[in-house]
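First up is the structure itself, then whatever we jot down about it.
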Amino acid sequence: MENIIRIAVQKSGRLSEDSLSLIKECGIKFYNGTGKLKSTSTNFPIEFLFLRDDDIPGYVADGVADLGIVGENELVEKNKEVLVLKKLGFSKCRLSLAIPKGEEYPGLEYFEGKNIATSYPKILGDYLKANKIQAEIHEISGSVEIAPSIGLAEGICDIVSSGSTLMMNGLKEVEEIFRSEAALISHPNMSVAKKAIVDKLLFRMNAVQKGKSSKYVLLNAPNDSLEKIVSLIPGMRSPTILPLAQNGWSSVHSVLSEDQFWENIEELRAAGAEGILVVPIEKMIL
Ligand code: PRT
Ligand code: ZN
(Lines give C-alpha, C1' and ligand atoms only; values in the text may rest on other atoms or scores of the structure.)
(Ligands and ions follow the chains in the order given, each with its own letter.)
Protein backbone atom coordinates (compact mmCIF):
# COMPACT_ATOMS: atom_id res chain seq x y z
CA MET A 1 0.00 0.00 0.00
CA GLU A 2 1.42 3.30 -1.07
CA ASN A 3 -0.70 5.82 0.78
CA ILE A 4 -0.06 4.51 4.27
CA ILE A 5 3.13 3.85 6.22
CA ARG A 6 3.80 1.13 8.75
CA ILE A 7 5.77 1.67 11.93
CA ALA A 8 7.14 -1.12 14.14
CA VAL A 9 7.16 -0.33 17.86
CA GLN A 10 8.02 -2.49 20.85
CA LYS A 11 5.00 -4.42 22.10
CA SER A 12 5.84 -4.24 25.76
CA GLY A 13 9.05 -3.21 27.42
CA ARG A 14 11.25 -0.25 28.19
CA LEU A 15 10.70 1.42 24.81
CA SER A 16 6.94 1.00 24.48
CA GLU A 17 5.53 3.75 26.64
CA ASP A 18 7.79 6.54 25.41
CA SER A 19 7.43 5.43 21.77
CA LEU A 20 3.65 5.52 21.97
CA SER A 21 3.47 8.78 23.88
CA LEU A 22 5.72 10.47 21.32
CA ILE A 23 3.34 9.35 18.57
CA LYS A 24 0.32 10.54 20.57
CA GLU A 25 1.98 13.91 21.19
CA CYS A 26 2.25 14.21 17.41
CA GLY A 27 -1.56 14.28 17.42
CA ILE A 28 -1.82 10.77 15.96
CA LYS A 29 -4.74 8.79 17.36
CA PHE A 30 -4.89 5.01 17.48
CA TYR A 31 -6.27 2.18 19.53
CA ASN A 32 -3.70 0.23 21.47
CA GLY A 33 -5.69 -2.54 23.09
CA THR A 34 -3.79 -5.14 25.07
CA GLY A 35 -2.66 -8.12 23.08
CA LYS A 36 -3.18 -6.41 19.72
CA LEU A 37 -0.38 -6.96 17.23
CA LYS A 38 -1.59 -4.42 14.69
CA SER A 39 -3.50 -1.17 14.78
CA THR A 40 -4.32 1.64 12.35
CA SER A 41 -4.54 5.32 13.17
CA THR A 42 -7.90 6.96 12.76
CA ASN A 43 -6.51 10.37 11.76
CA PHE A 44 -3.09 9.82 10.13
CA PRO A 45 -2.04 7.39 7.38
CA ILE A 46 -0.04 5.11 9.66
CA GLU A 47 -0.36 1.52 10.78
CA PHE A 48 1.35 0.08 13.86
CA LEU A 49 3.01 -3.29 14.29
CA PHE A 50 3.67 -4.23 17.91
CA LEU A 51 6.76 -6.47 18.04
CA ARG A 52 9.67 -7.61 20.19
CA ASP A 53 12.43 -5.04 19.91
CA ASP A 54 14.87 -7.68 18.61
CA ASP A 55 12.73 -8.11 15.48
CA ILE A 56 12.31 -4.41 14.65
CA PRO A 57 15.57 -3.77 12.70
CA GLY A 58 14.94 -6.87 10.55
CA TYR A 59 11.31 -6.00 9.77
CA VAL A 60 12.34 -2.48 8.74
CA ALA A 61 15.29 -3.72 6.63
CA ASP A 62 12.99 -6.20 4.85
CA GLY A 63 10.38 -3.52 4.21
CA VAL A 64 7.64 -5.28 6.20
CA ALA A 65 7.62 -2.05 8.19
CA ASP A 66 8.68 1.32 6.74
CA LEU A 67 9.69 2.79 10.09
CA GLY A 68 10.67 1.47 13.50
CA ILE A 69 11.55 2.73 16.95
CA VAL A 70 14.37 0.77 18.55
CA GLY A 71 17.36 1.16 20.87
CA GLU A 72 20.65 1.89 19.11
CA ASN A 73 22.18 -1.07 20.97
CA GLU A 74 19.74 -3.44 19.25
CA LEU A 75 20.17 -1.66 15.95
CA VAL A 76 23.96 -1.90 15.87
CA GLU A 77 23.92 -5.46 17.19
CA LYS A 78 21.50 -6.64 14.51
CA ASN A 79 23.53 -4.85 11.82
CA LYS A 80 20.66 -4.57 9.33
CA GLU A 81 20.50 -2.20 6.40
CA VAL A 82 18.30 0.65 7.67
CA LEU A 83 18.58 4.43 7.97
CA VAL A 84 18.58 6.30 11.26
CA LEU A 85 16.21 9.25 10.72
CA LYS A 86 16.31 10.69 14.20
CA LYS A 87 17.56 10.04 17.70
CA LEU A 88 14.65 10.26 20.09
CA GLY A 89 16.28 11.08 23.44
CA PHE A 90 14.59 8.39 25.55
CA SER A 91 15.56 4.88 26.78
CA LYS A 92 19.09 6.11 27.31
CA CYS A 93 21.53 3.50 28.58
CA ARG A 94 25.05 2.24 28.08
CA LEU A 95 26.60 -1.10 27.22
CA SER A 96 29.41 -1.79 29.64
CA LEU A 97 31.93 -4.39 30.69
CA ALA A 98 31.69 -5.46 34.33
CA ILE A 99 33.67 -7.80 36.56
CA PRO A 100 33.28 -9.16 40.12
CA LYS A 101 33.55 -6.34 42.65
CA GLY A 102 36.52 -7.77 44.52
CA GLU A 103 38.73 -8.15 41.46
CA GLU A 104 41.60 -5.79 40.75
CA TYR A 105 41.12 -4.08 37.35
CA PRO A 106 44.37 -3.10 35.65
CA GLY A 107 42.74 -2.01 32.35
CA LEU A 108 41.30 -3.72 29.30
CA GLU A 109 44.10 -6.33 29.32
CA TYR A 110 42.19 -7.86 32.25
CA PHE A 111 39.95 -9.51 29.66
CA GLU A 112 42.79 -11.11 27.66
CA GLY A 113 42.06 -14.85 27.45
CA LYS A 114 38.95 -14.54 29.63
CA ASN A 115 35.34 -15.54 29.11
CA ILE A 116 32.77 -12.73 28.74
CA ALA A 117 29.03 -13.38 28.83
CA THR A 118 26.81 -11.05 26.77
CA SER A 119 23.69 -10.71 24.65
CA TYR A 120 25.62 -8.34 22.38
CA PRO A 121 28.27 -10.54 20.69
CA LYS A 122 28.67 -8.29 17.67
CA ILE A 123 29.18 -4.99 19.50
CA LEU A 124 31.47 -6.67 22.03
CA GLY A 125 33.38 -8.58 19.34
CA ASP A 126 33.99 -5.40 17.33
CA TYR A 127 35.12 -3.56 20.46
CA LEU A 128 37.55 -6.30 21.53
CA LYS A 129 38.94 -6.53 18.01
CA ALA A 130 39.46 -2.76 17.79
CA ASN A 131 41.29 -2.92 21.12
CA LYS A 132 43.27 -6.04 20.15
CA ILE A 133 41.99 -8.12 23.04
CA GLN A 134 41.53 -11.87 22.56
CA ALA A 135 38.67 -13.07 24.73
CA GLU A 136 36.03 -15.74 24.51
CA ILE A 137 32.51 -14.37 23.96
CA HIS A 138 29.80 -16.44 25.56
CA GLU A 139 26.44 -15.47 24.08
CA ILE A 140 23.43 -15.75 26.37
CA SER A 141 20.04 -14.18 25.85
CA GLY A 142 19.14 -13.04 29.36
CA SER A 143 20.17 -12.79 33.03
CA VAL A 144 23.69 -12.02 31.90
CA GLU A 145 24.60 -10.50 35.26
CA ILE A 146 24.46 -13.83 37.09
CA ALA A 147 27.01 -15.46 34.74
CA PRO A 148 30.11 -14.74 36.89
CA SER A 149 28.54 -16.00 40.12
CA ILE A 150 27.59 -19.34 38.56
CA GLY A 151 30.99 -19.78 36.97
CA LEU A 152 29.84 -19.28 33.39
CA ALA A 153 32.11 -16.33 32.66
CA GLU A 154 34.69 -14.09 34.33
CA GLY A 155 33.14 -10.87 33.13
CA ILE A 156 29.99 -9.61 31.45
CA CYS A 157 29.02 -7.06 28.86
CA ASP A 158 25.49 -5.80 29.43
CA ILE A 159 23.16 -2.82 29.40
CA VAL A 160 23.52 -0.54 32.41
CA SER A 161 21.22 2.27 33.37
CA SER A 162 21.30 3.12 37.08
CA GLY A 163 23.94 0.48 37.88
CA SER A 164 21.86 -1.14 40.61
CA THR A 165 21.55 -4.51 38.83
CA LEU A 166 25.34 -4.79 38.66
CA MET A 167 25.64 -3.84 42.30
CA MET A 168 23.02 -6.36 43.41
CA ASN A 169 24.96 -9.06 41.62
CA GLY A 170 28.31 -8.15 43.17
CA LEU A 171 29.72 -6.67 39.96
CA LYS A 172 31.43 -3.40 39.09
CA GLU A 173 31.39 -1.50 35.82
CA VAL A 174 34.89 -1.16 34.38
CA GLU A 175 34.48 0.01 30.77
CA GLU A 176 31.65 1.74 28.94
CA ILE A 177 31.75 0.49 25.37
CA PHE A 178 28.61 1.93 23.75
CA ARG A 179 26.02 4.62 24.49
CA SER A 180 22.48 4.12 23.34
CA GLU A 181 19.15 5.85 23.08
CA ALA A 182 15.97 5.14 21.14
CA ALA A 183 16.10 5.97 17.44
CA LEU A 184 13.58 6.29 14.62
CA ILE A 185 14.76 4.09 11.77
CA SER A 186 13.49 3.66 8.22
CA HIS A 187 13.70 1.29 5.30
CA PRO A 188 16.49 2.55 2.99
CA ASN A 189 14.34 2.78 -0.15
CA MET A 190 10.91 4.22 0.33
CA SER A 191 8.54 5.38 -2.40
CA VAL A 192 8.04 9.11 -2.90
CA ALA A 193 4.48 8.81 -1.56
CA LYS A 194 5.64 7.10 1.63
CA LYS A 195 8.51 9.56 2.08
CA ALA A 196 6.02 12.41 1.99
CA ILE A 197 4.09 10.83 4.87
CA VAL A 198 7.31 10.20 6.82
CA ASP A 199 8.29 13.85 6.33
CA LYS A 200 4.97 14.93 7.83
CA LEU A 201 5.58 12.68 10.82
CA LEU A 202 9.14 13.97 11.25
CA PHE A 203 7.93 17.56 11.11
CA ARG A 204 5.56 16.82 13.99
CA MET A 205 8.17 14.91 15.99
CA ASN A 206 10.61 17.81 15.65
CA ALA A 207 7.96 20.24 16.86
CA VAL A 208 7.24 18.06 19.89
CA GLN A 209 10.94 17.65 20.71
CA LYS A 210 11.73 21.34 20.38
CA GLY A 211 8.72 22.18 22.52
CA LYS A 212 9.88 19.81 25.25
CA SER A 213 13.30 21.36 25.53
CA SER A 214 11.93 24.93 25.64
CA LYS A 215 9.90 26.95 28.12
CA TYR A 216 7.63 29.93 27.81
CA VAL A 217 8.77 32.47 30.39
CA LEU A 218 6.70 35.41 31.64
CA LEU A 219 7.99 37.97 34.12
CA ASN A 220 7.42 41.47 35.37
CA ALA A 221 10.23 44.00 35.21
CA PRO A 222 10.79 47.67 35.95
CA ASN A 223 11.07 49.57 32.65
CA ASP A 224 14.56 50.86 33.36
CA SER A 225 15.96 47.31 33.41
CA LEU A 226 14.16 46.07 30.29
CA GLU A 227 17.25 46.29 28.11
CA LYS A 228 19.26 44.08 30.46
CA ILE A 229 16.39 41.59 30.84
CA VAL A 230 15.78 41.32 27.11
CA SER A 231 19.47 40.49 26.64
CA LEU A 232 19.13 37.65 29.18
CA ILE A 233 16.03 36.09 27.58
CA PRO A 234 16.33 36.87 23.88
CA GLY A 235 13.55 34.47 22.73
CA MET A 236 12.80 33.14 19.26
CA ARG A 237 12.86 36.44 17.42
CA SER A 238 12.70 38.85 20.31
CA PRO A 239 10.62 38.96 23.50
CA THR A 240 7.14 40.44 23.71
CA ILE A 241 6.94 43.47 26.00
CA LEU A 242 3.56 44.63 27.31
CA PRO A 243 2.93 47.53 29.68
CA LEU A 244 1.56 46.66 33.12
CA ALA A 245 -1.32 48.70 34.58
CA GLN A 246 1.16 49.95 37.17
CA ASN A 247 3.27 52.80 35.79
CA GLY A 248 6.96 52.09 35.12
CA TRP A 249 6.54 48.31 34.86
CA SER A 250 6.26 45.86 31.95
CA SER A 251 5.48 42.22 31.41
CA VAL A 252 8.12 40.39 29.34
CA HIS A 253 7.28 37.13 27.52
CA SER A 254 9.90 34.97 25.88
CA VAL A 255 10.76 31.41 24.82
CA LEU A 256 14.04 29.85 25.81
CA SER A 257 15.65 26.54 26.63
CA GLU A 258 15.22 25.41 30.21
CA ASP A 259 19.03 25.31 30.66
CA GLN A 260 19.33 28.89 29.45
CA PHE A 261 16.61 29.93 31.90
CA TRP A 262 18.38 28.39 34.92
CA GLU A 263 21.72 29.81 33.86
CA ASN A 264 20.29 33.33 33.82
CA ILE A 265 17.87 33.23 36.74
CA GLU A 266 20.12 35.01 39.27
CA GLU A 267 20.98 37.77 36.81
CA LEU A 268 17.29 38.17 35.93
CA ARG A 269 16.37 38.59 39.58
CA ALA A 270 19.29 40.92 40.18
CA ALA A 271 18.03 43.04 37.27
CA GLY A 272 14.69 43.40 39.06
CA ALA A 273 12.60 40.68 37.40
CA GLU A 274 9.78 39.38 39.59
CA GLY A 275 6.63 37.30 39.32
CA ILE A 276 8.50 34.88 37.06
CA LEU A 277 6.36 32.13 35.50
CA VAL A 278 7.83 29.21 33.53
CA VAL A 279 5.27 27.40 31.38
CA PRO A 280 5.72 24.16 29.37
CA ILE A 281 5.38 24.28 25.59
CA GLU A 282 3.54 21.46 23.85
CA LYS A 283 4.74 22.05 20.29
CA MET A 284 7.13 24.50 18.72
CA ILE A 285 7.49 25.31 15.02
CA LEU A 286 10.27 27.67 14.06
O1 PRT B 1 10.56 -8.28 24.95
P2 PRT B 1 11.51 -7.48 24.15
O3 PRT B 1 12.55 -8.30 23.44
O4 PRT B 1 10.78 -6.53 23.24
O5 PRT B 1 12.25 -6.52 25.20
P6 PRT B 1 13.68 -6.68 25.91
O7 PRT B 1 13.49 -7.37 27.20
O8 PRT B 1 14.71 -7.20 24.95
O9 PRT B 1 14.09 -5.16 26.09
P10 PRT B 1 13.71 -4.10 27.24
O11 PRT B 1 12.28 -3.73 27.13
O12 PRT B 1 14.24 -4.54 28.55
O13 PRT B 1 14.62 -2.89 26.75
C14 PRT B 1 14.42 -2.30 25.50
C15 PRT B 1 15.53 -1.29 25.25
O16 PRT B 1 15.55 -0.31 26.32
C17 PRT B 1 16.95 -1.84 25.28
O18 PRT B 1 17.33 -2.44 24.06
C19 PRT B 1 17.77 -0.59 25.57
O20 PRT B 1 17.98 0.13 24.38
C21 PRT B 1 16.86 0.24 26.46
N22 PRT B 1 17.20 0.23 27.90
C23 PRT B 1 17.29 1.34 28.68
C24 PRT B 1 17.43 -0.83 28.68
C25 PRT B 1 17.70 -0.35 29.98
N26 PRT B 1 17.60 1.02 29.95
C27 PRT B 1 17.99 -1.27 31.05
N28 PRT B 1 18.22 -0.82 32.18
N29 PRT B 1 17.46 -2.16 28.45
C30 PRT B 1 17.71 -3.02 29.44
N31 PRT B 1 17.99 -2.64 30.72
C32 PRT B 1 18.23 -3.76 31.70
C33 PRT B 1 19.64 -4.36 31.58
O34 PRT B 1 19.64 -5.42 30.66
C35 PRT B 1 19.94 -4.84 32.99
O36 PRT B 1 19.37 -6.11 33.25
O37 PRT B 1 18.13 -3.30 33.03
C38 PRT B 1 19.20 -3.83 33.84
C39 PRT B 1 20.13 -2.74 34.23
O40 PRT B 1 19.45 -1.64 34.74
P41 PRT B 1 20.04 -0.83 36.00
O42 PRT B 1 19.18 0.38 36.10
O43 PRT B 1 19.94 -1.73 37.19
O44 PRT B 1 21.48 -0.48 35.68
ZN1 ZN C 1 14.51 -7.78 23.15
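General observations
- Segment 214-280 - charge dipole about Cα centre, Lys and Arg +1 at Cβ, Asp and Glu -1, debye rounded to 20: 220 debye
- Rounded to whole numbers, the Karplus 3J(HN,Hα) couplings from phi for segment 226-235 are 4, 4, 4, 5, 4, 5, 7, 10, x, x Hz, using 6.51 cos²θ - 1.76 cosθ + 1.60 with θ = phi - 60°, and x at Gly and Pro.
- In segment 93-180, taking the dipole from charged Cβ atoms about the Cα centre, the farthest positive-side position among Pro100, Leu128, Gly113 is held by Leu128.
- Gyration tensor verdict on segment 93-180 (Cα atoms; rounded if a/c is under 1.5, prolate if a/b is larger than b/c, oblate otherwise): rounded
- The phi-based Karplus calculation (6.51 cos²θ - 1.76 cosθ + 1.60; θ = phi - 60°) puts the 3J(HN,Hα) values of segment 142-156 at x, 6, 4, 5, 8, 3, x, 6, 9, x, 7, 7, 8, x, 9 Hz, whole numbers, x for Gly and Pro.
- Gap separating the Cα centres of segment 1-17 and segment 69-86, nearest whole Å: 14 Å
- Cut-off under 5 Å, modelled amide H: who pairs with Arg6 long-range: Glu47, Asp66, Leu67
- Shape call, the chain: gyration tensor on alpha carbons, a/c limit 1.5: oblate
- The residue among Pro243, Val278, Ile233 whose Cα reaches farthest toward the positive pole of the charge dipole of segment 214-280, with charges on the beta-carbon of Lys, Arg, Asp and Glu, is Pro243.
- Taken about its Cα centre, segment 93-180 carries a charge dipole of about 200 debye when Lys and Arg each add +1 at the Cβ and Asp and Glu each add -1 at the Cβ.
- Each other residue within a Cβ distance under 14 Å of Asn189 adds +1 if Lys or Arg and -1 if Asp or Glu, for a net charge of -1.
- In a reduced charge model with +1 at each Lys and Arg Cβ and -1 at each Asp and Glu Cβ, the chain shows a dipole moment near 1180 debye about its Cα centre.
- Taking 20 Å as the straight-line reach from the Cα of Lys86, the lysines in range (excluding those fewer than 8 positions away in the same chain) are Lys24, Lys78, Lys194, Lys195, Lys200, Lys210, Lys212, Lys283.
- Amide H contacts for Glu175 (H built 1.01 Å from N in the peptide plane; partners 5 or more residues away or on another chain; cut-off under 5 Å): Leu97.
- Taking all protein chains into account, the per residue accessible area for the chain stands at 54 Å² (1.4 Å probe).
- Among beta bridges that DSSP assigns inside the chain, antiparallel share in %, nearest 5: 75 percent
- Once each of the GluC sites (Glu not before Pro) sitting in a DSSP loop with at most 13 other beta-carbon atoms within 10 Å is removed, the chain keeps 113-281 as its longest stretch.
- Rounded to the nearest whole Hz, the Karplus-based 3J(HN,Hα) values (6.51 cos²θ - 1.76 cosθ + 1.60, θ = phi - 60°) of segment 28-44 follow the sequence 9, 9, 7, 9, 10, x, 5, x, 6, 9, 8, 7, 10, 5, 8, 9, 8, with x at glycine and proline.
- Mean separation of Cα contacts under 8 Å, 6 or more apart, over the residue count of segment 142-286: relative contact order %: 25 percent
- For segment 93-180, lysine pairs separated by 8 or more sequence positions, or belonging to different chains, with Cα-Cα distances below 21 Å total 7.
- Residue separation of Tyr31 and Glu81 scaled by 0.36 nm, minus their Cα-Cα distance, works out to 15.0 nm of gained length.
- Ellipticity at 222 nm from helices only: DSSP H runs of n ≥ 4 in the chain, each -39500 (n - 2.57), divided by the residue count, give -8500 deg cm²/dmol.
- The shape of segment 97-145 comes out oblate: with a ≥ b ≥ c from the C-alpha gyration tensor, a/c is at least 1.5 while a/b does not beat b/c.
- Sparsely packed trypsin sites (Lys or Arg not before Pro) within segment 159-260, loop by DSSP, other Cβ within 10 Å at most 11: Arg237
- Other residues with beta-carbon under 13 Å from the beta-carbon of Arg94 carry, at +1 per Lys or Arg and -1 per Asp or Glu, a net charge of -4.
The values are calculated or read from the model by the stated rules, or taken from the named source; none is laboratory data. Not measured: the values here are computed from a predicted model. Note: ideal-geometry Cβ built from the backbone for every residue, glycine included; neighbour counts use all protein chains shown. Areas reflect the complete protein model, heavy atoms only, side chains present, ligands, DNA and RNA absent. Shrake-Rupley method; radii C 1.70, N 1.55, O 1.52, S 1.80 Å.
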